[in-house]
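One structure is given below, encoded as structure tokens.
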Amino acid sequence: MCDREAVVKSPGSIANLGPGFDVLAVALSGLHDLVHVKASPGTGLVRVYSDVPVLTGSSNNAHAVAVKSLEKFKWLSSCDIEIYVRKGVPVSVGLGSSGATAAGAAFALSLIAGSVDEETVLSLAGEGERFVSGVAHYDNVAASLLGGVVIVDTKYKKAYKIEIPKEIHVGVVIPETGARTEKKTYVARSILPGKIDLETHVQQSSSLAKLVYGLIKGDLRLVGRAISEDEICEPSRSKLIPLYREMKDIALREGAYGFNIAGAGPSVFYIHDDLDEITRIGGVILDFLKSKGVKASLLASRFSNQGVEVVSGG
Ligand SMILES: Nc1ncnc2c1ncn2[C@@H]1O[C@H](COP(=O)(O)OP(=O)(O)OP(=O)(O)O)[C@@H](O)[C@H]1O
Ligand SMILES: N[C@@H](CCO)C(=O)O
């Protein structure tokens with residue numbers, strides 16, 4: 001039995017999308033991790049290798065996912081597990097890098113164990129996020145697994161996918177400075193308000209519902225307007241991102257449909273239906289940052305309906 005392997009591709013993602021803290025995320029096109037899992041006869045030893053040296057061994061969340069998988073799939077404990085992670089999603093910038101690996105590892109291990117059940121895979125992948133941020137949140141991992149825009153059902157640990165109705169291009173401005181440390185998601189979560197008042201709840205729910213309605217109707221301007229609204233994370237997290245307000249003003253003034261923080265930051269993202277506009281608006285933001293002595297780069301991508309994909313094995 002312990003002589004199986006699987007290679008999967010798992011996409012990066014943007015979580016929250018403005019008002020959907022821990023509830024919404026979207027998979028991205030052209031950015032993915034490659035996760036190769038091998039099982040061989042043994043005693044339940046887990047070894048993880050990565051092309052990003054600091055992520056080799058037990059500092060890679062794939063290790064935590066594998067340990068949980070051995071507990072979940074009992075027969076795997078008579079196997080040794082080796083995992084090779086080739087990172088394609090930039091680490092620690094807000095593009096769901098840890099989530100991409102966690103989702104890929106959970107999916108590949110479940111394939112090898114012969115039991116790919118969405119809820120189990122989601123729950124195993126969430127353990128990879130717990131390892132990184134202290135909390136098992138499911139937004140990034142659900143987007144990496146399913147593709148599209150996902151809505152996380154936090155009560156029943158499920159995720160519902162909304163197919164992206166039309167081309168939505170996204171520009172991501174990645175600052176070289178900002179809260180980009182190993183613990184950045186942990187820190188970015190620790191500064192959030194512990195409680196919110198009723199008025200904030202109503203406003204946030206309205207923005208979130210508007211975003212989902214806009215997606216279903218294919219109304220990108222409405223989607224963008226909703227993406228720009230967040231009463232919970234943006235007020236505190238934006239203070240960790242140099243020139244955040246100015247960047248948002250520029251993007252919206254230049255015609256971006258919506259702008260907000262990508263995941264836990266420090267990157268920011270904006271959307272448009274025209275790729276050329278994404279490039280042009282990004283250029284204006286980068287020129288502005290340069291004039292202020294802030295180094296940053298632009299990454300252009302697209303919202304994608306593609307989730308995790310099997311490359312071989314299983
Ligand atoms: N397989 C992995 N891939 C990437 N980061 C990992 C992995 N395993 C552990 N980490 C740790 O997680 C940290 C950041 O991941 P985290 O998911 O919090 O941020 P992110 O990738 O920017 O995504 P986001 O803010 O969108 O959730 C990294 O600095 C790294 O130390
Ligand atoms: N929803 C998560 C995504 C980042 O991991 C957060 O904002 O903290």
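The values are calculated or read from the model by the stated rules, or taken from the named source; none is laboratory data. This is a predicted model, so every value here is computed, not measured. Reconstructed Cβ throughout: ideal geometry from the backbone, glycine too, with neighbour counts over all protein chains shown. Side chains included, ligands, DNA and RNA excluded: accessible areas come from the protein's heavy atoms. Shrake-Rupley method; radii C 1.70, N 1.55, O 1.52, S 1.80 Å.
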request  = At a temperature of 37 °C and a viscosity of 0.692 mPa s, determine how fast segment 21-90 diffuses translationally according to Stokes-Einstein, using the Kirkwood radius over alpha-carbon pairs as Rh; express D in µm²/s, rounded to the nearest whole number.
outcome  = 248
ask   = Local charge sum around Ala264 (other residues, Cβ-Cβ under 9 Å, Lys/Arg +1, Asp/Glu -1)?
value = +3
Ordering of 292-301, 246-255 by packing [mean C-beta count within 10 Å, highest first] = 246-255, 292-301
Solitary cysteines of the chain, where the nearest other Cys Cβ is not under 4.7 Å = Cys233
query = Can you give the accessible area of Ser115 in Å² (nearest 10), computed on protein heavy atoms with a 1.4 Å probe?
reply = 40
task = Please sort 140-149, 48-57 by packing, taking for each peptide the average over its residues of neighbouring beta carbons within 10 angstrom, highest first.
result = 140-149, 48-57
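Heavy atoms only, probe 1.4 Å: what % of the accessible area of the chain goes to carbon and sulfur, would you let me know? The partial results should precede the final answer.
Details: 6960 of 13220 Å².
Of the solvent-accessible surface of the chain, carbon and sulfur hold 53 percent.
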key: Radius of gyration and Dmax over the Cα atoms of the chain, both given in Å   = 19.1, 60
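With the convex hull built on the Cα atoms of segment 64-221, state its orientation-averaged projected area in nm². Don't skip to the end; give the middle numbers.
Details: hull surface 45.5 nm².
Projected over every direction and averaged, the Cα hull of segment 64-221 covers 11.4 nm².
Can you tell me the accessible area per residue over segment 171-285, all protein chains present, probe 1.4 angstrom, in square angstrom? Walk me through the intermediate numbers first.
Values: 5380 Å² over 115 residues.
Value returned for segment 171-285: 47 Å² of accessible area per residue.
With respect to the cross-link table entries Lys158/Lys184; Lys9/Lys68; Lys74/Lys195; Lys38/Lys157, which display a Cα-Cα separation exceeding 32 Å?
Numbers: Lys158/Lys184 26 Å; Lys9/Lys68 21 Å; Lys74/Lys195 40 Å; Lys38/Lys157 28 Å.
Cα-Cα > 32 Å for Lys74/Lys195; rest within.
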request  = Show which lysines lie in cross-link reach of Lys183 when reach means a straight Cα distance below 16 angstrom and same-chain residues fewer than eight apart are skipped.
outcome  = none
ask   = Shape call for segment 169-302 from the C-alpha gyration tensor, a ≥ b ≥ c root eigenvalues: rounded (a/c under 1.5), prolate (a/b greater than b/c) or oblate?
value = oblate
query = Under a 1.4 Å probe, what is the accessible area of segment 15-163 per residue, stated in Å²?
reply = 35
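What order do you get for 107-113, 31-37 when each peptide is scored by the mean count of other beta carbon atoms within 10 Å, highest first? Walk me through the intermediate numbers first.
Numbers: 107-113: 26.1, 31-37: 24.6.
Final packing ranking: 107-113, 31-37.
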